[in-house]
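What follows is a single structure, written as structure tokens, with notes after it.
The values are calculated or read from the model by the stated rules, or taken from the named source; none is laboratory data. These numbers were taken from a predicted model, which means no experiment stands behind them. Please note: Cβ atoms are built from the backbone with ideal geometry, for glycine as well, and neighbour counts cover all protein chains shown. Side chains are part of the model used for accessible areas, which takes the heavy atoms of the whole protein and leaves out ligands, DNA and RNA. Shrake-Rupley method; radii C 1.70, N 1.55, O 1.52, S 1.80 Å.
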Amino acid sequence: MTINSGTAVAAAALPRAGPPHGVTAPPQDETSGTDLVLPLVAVGAAGVLAGYGYLRRTRRARTRTTPAGGPAPPPPGHPPEAALDERARDALVGTDDCLRTSREELACAEAQFGADAVAPYERAVRRAETELAAAFALRLRYDHGLPGDPAARRQALAGMTGRCEEAGRLLDAAADGFDRLRALDRDPGAALHLAEARFRELAARTPATETRLTALTERYAPSATEHVTGDVEQAKDRLVFATARLNQARQAIDSGGAPAAVAHLRAAEGAVAQAAVFLDGVDRLAAELDEAAALVPAALTGAEAERAGAADRLPGVPAGEAHSRLLHADAVLASVRGELTDGRPYDPLDLLRRVVRAAAPLAMGRTGVLSAAALLTARSATAAAAGYVTTHRGAVGDAARTLLAEAERLLAAPAPADHLHADALAREARELAEHDVRARGNPYADLDARASGTAGAVLGGILLPVALPTGVPPAFGGPATRERRAVPTAWTDPVNRPPGPTE
């Protein structure tokens, strides 16, 4: 496979250095002052030296962590901030993965049993998503240096981890009931039938989506479709993997190996779900580009109207700054109009983005078309980033997921300024995610020689790489459920287990 790419807990106060205790001279008696001069001088000097030594020892105790000095160590029994940071990052990624997997399996259950039957589990997922969103919000503030106090930063990290643990607990609490609903261990046949039907639907749809993508590349500039280049091939890769696992699930059912059938079925369901994400992404982009192309002329006209009356709507802005904004808007709008009329292929979403950003400093808001344009670009960028993270979650770290979570939050806000910010954050999240995937590389590429599509399945989080070359398919639930199923009995079946490196 080709990879393109609130109560804050105060920290215990360390001892503060204070002035040395004064030395009190003994009471005066009838002895002459001359006889006491030398003893008093000696005692005073000793007091000064003792105080100086105390100050130096205290200062070293505050700053020493290594022989070269550094920040004060955490209170005894508390891990350092770096360890808390790493734990929080792992918790964010792991919980996000659990939620994405739970959403996918929830969709399979709803297709089989209906919305009413899965309603309790839908509520559990939504509550877990709320907890995780709060954890990501804490992470975003932390990454921006807030709070600044070291003790408060440690508390923020603990808060992230605690929110993630609560989200996982909510999913784990619902997992057993969800398993009883699906009853895959007793009768996986009905679920397998639905998975096979969904597989056939996507397989039949793939050629049309591929043709649509080819048409988009011919009609629009390369930048318009670069983020979905290769998505049809990746959809095919997931479907190839699903083919094998569906066949293995069917064989396991026929031979009475229910545990193996369940494991293969879950892996197939995950692959089918991700194939749909890839194909949906191409089809969604096609609709967005068409909508954007129709909206660009109106948005350009609206921005020019904003620019015409901008001088009257910039109170309090210095004359030089106002003049600079106007000149910038003039240049951008002229450039967009030129690209729109020169007859060459262009990127409608990019043109809309530039128009909206040029108009934003001119007190954008009177023209509704600009608000619609801002929403469209933000929605497109956020959906693209979410799809990428979902289908590459085996390699994507916490930074990209944090920005994506904030983009999704801002996308739901009503203000165009929030949509502008959401668009920027989503695009940055996509870039960070792609960087993570490139940095990870493809350490499982050789597995495809034995089981086609396995490398992509690991990259997509469909298989957990804890028991490769077979992998383990995750299921509905939180981290505790995932750990409990880390080595299912399905992979001990030599008939259904894919071959290992030495077999």
Sorted by chain and then number, the residues having a modelled amide H within less than 5 Å of the amide H of L463, at least 5 places away or on another chain, are V458
Which one of P345, Y388, A331 has its Cα pushed farthest toward the positive end of the charge dipole of segment 278-408, where Lys and Arg give +1 and Asp and Glu give -1 at the Cβ? A331
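Carbon and sulfur atoms: what percent of the 1.4 Å accessible area of segment 131-208 do they account for?
On the way: 2050 of 3620 Å².
Carbon and sulfur: 57 percent of the exposed surface of segment 131-208.
Given N residues in segment 237-363, what is Rg(Cα) / (2.2 N^0.38 Å)?
Working: Rg = 26.1 Å, N = 127, 2.2 N^0.38 = 13.9 Å.
After normalising by residue count via 2.2 N^0.38 Å, the value is 1.88.
Where does segment 248-312 land on the Kirkwood hydrodynamic radius, alpha-carbon pairs, in angstrom?
Numbers: mean 1/r = 0.0620 Å⁻¹.
Result for segment 248-312 stands at 16.1 Å.
Could you work out the percent of alpha carbon pairs in segment 224-267 separated by over 18 Å, rounded to a whole number? Intermediate values should be presented prior to the final figure.
Working: 410 of 946 pairs.
More than 18 Å apart: 43 percent of the Cα pairs in segment 224-267.
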Ordered by packing density, taken as the mean number of other Cβ atoms within 10 Å over each peptide's residues, highest first, how do 455-462, 97-104 rank? 455-462, 97-104
Return the inverse of the average 1/r over all pairs of distinct C-alpha atoms in segment 293-436, which is the Kirkwood hydrodynamic radius, in Å to one decimal. 16.0
Three-way shape call for segment 139-298 based on the alpha-carbon gyration tensor, with the a/c threshold at 1.5: oblate
